[in-house]
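The structure under discussion appears below in the form of C-alpha cells.
The values are calculated or read from the model by the stated rules, or taken from the named source; none is laboratory data. No experiment lies behind these values; they were computed from the predicted model shown. Neighbour counts run over all protein chains shown; Cβ positions are idealised from the backbone, glycine included.
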Amino acid sequence: MSRTKEIINKFPSFYNSWDKESTIFKVVSTFGTQLDEAEKDIDVILRSKWVDTAKRKDLEMLGAIYNINRRANEPDKDYRNRLKTAIQGFKGGGTISAIRTSLRIMLGLDPKYPLKIIENPPRRVREDIKVKSGETWEMSSKSIQDAENVSIEIDVEEGNSIKDPTIINMETDESITFNGNILAEKKLLIKDNSAVLGGKDMTDKLSRKTIPVIPRKKTEACVCGGYINGINNL
C-alpha cells in the first residue's frame, strides 16, 4: 500500500479525501510520493550492504573489505559466491561446519543440504623399492597417520636367492625376519599376520606375525640378507 493511501485512509470520510481531484488529496499525494521514493532509496541502501543482495559496484566495495577483487568478466553470481565462501572462511576458519557451508555455496546447494565429509579417507599406496643387502631407503605412510595395515612382497632377481631376509626400521628399531630361503622363481608375501611363499603357508617362519608400523614421518629402513627386489604395499 502506498503512503498516500495510508494517509488518506486516516481522514474522516466526509473530508472526501479519496477524491483525486480534491485539494486535500493532491496535497497528501505530494508528500506520499516523496515518502514512497525515500523508502525505495532506503531499501536500495540496505540491499547494497549485504552480499546476497548487493550488485555491481556495491558488491565490489564489499569485496574490497576482504581484499577480494572481481575477476575479468566475472558475473555478480559467481563473484558473490566467492565472497560468501571467503567470508565463511574468515568467520569459521577450517572447522567442519565452515567447510560444509563453503561447499554448499560453491555448489549452489540449499543451506541445509546434507553433506558428509570424510577426514583423511583411506587410500591404498604402493611403493616399489630395489635394494641390496645392507642398503637403506626412506619411506613414510604418506598420510597424517601411521600406516598400520601394511603388506610386504619380496621377490629375488633371476639367478639369485636370499636367506633369512630381515627388514628393519632404523628409527624405531622394529624388524621382521623370514627364516628361510627365497628362490628367484618364488615370491614371499607377508600380509594379515601371515606369510605365503610360492602359494604355500610359511607363517611359522616369521620372527613376528605383525608387520612394523610405518610412521607418517619419513624414516629409514634397511634390509639384511642377499640381493633382493622388495615391494612394499602400504
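Quick check on region 132-155: of everything there that is closer than 15 Å to GLU220 by Cβ and among the small types (Gly, Ala, Ser), which residue is surrounded by the fewest Cβ atoms within 10 Å (Cβ to Cβ)?
The first filter runs over region 132-155 and keeps only residues closer than 15 Å to GLU220 by Cβ, leaving 134-141.
Right, trim to among the small types (Gly, Ala, Ser) and you get 134, 140-141.
Values: GLY134: 9, SER140: 15, SER141: 19.
Only one residue fits best here, namely GLY134.
When the residues of region 104-121 are filtered to those that are part of a loop (DSSP other than H, G, I, E, B) and aliphatic (A, V, I, L, M), which remaining residue is farthest from SER143 (Cα to Cα)?
Of the residues in region 104-121, the ones part of a loop (DSSP other than H, G, I, E, B) are 108-121.
Next, only the ones that are aliphatic (A, V, I, L, M) stay: 109, 115, 117-118.
Working: LEU109: 31, LEU115: 23, ILE117: 17, ILE118: 14 Å.
Here the answer is LEU109.
Of the residues GLU158, GLU174, GLU185, only one is charged (D, E, K, R), without any contact (Cβ under 8 Å) to a residue 40 or more places away in the chain and closer than 15 Å to CYS222 by Cα; which? Walk me through it before giving the result.
Working: GLU158 fails: closer than 15 Å to CYS222 by Cα; GLU185 fails: closer than 15 Å to CYS222 by Cα.
The conditions single out GLU174.
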Pick from LYS130, LYS112, LYS116: which is at pLDDT 75 or above and in the same structural domain as ASN160 (by TED's automatic domain parsing)? LYS130
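Just to verify a result, which residue in region 38-91, among those that are on the phi > 0 side of the Ramachandran plot and outside any helix (DSSP H, G or I), is modelled with the lowest pLDDT?
Let us first name the residues in region 38-91 that are on the phi > 0 side of the Ramachandran plot, namely 56, 67, 73.
Imposing the further condition that a residue be outside any helix (DSSP H, G or I) reduces the set to 67, 73.
Details: ASN67: 72, ASN73: 84.
Applying the filter and picking the extreme gives ASN67.
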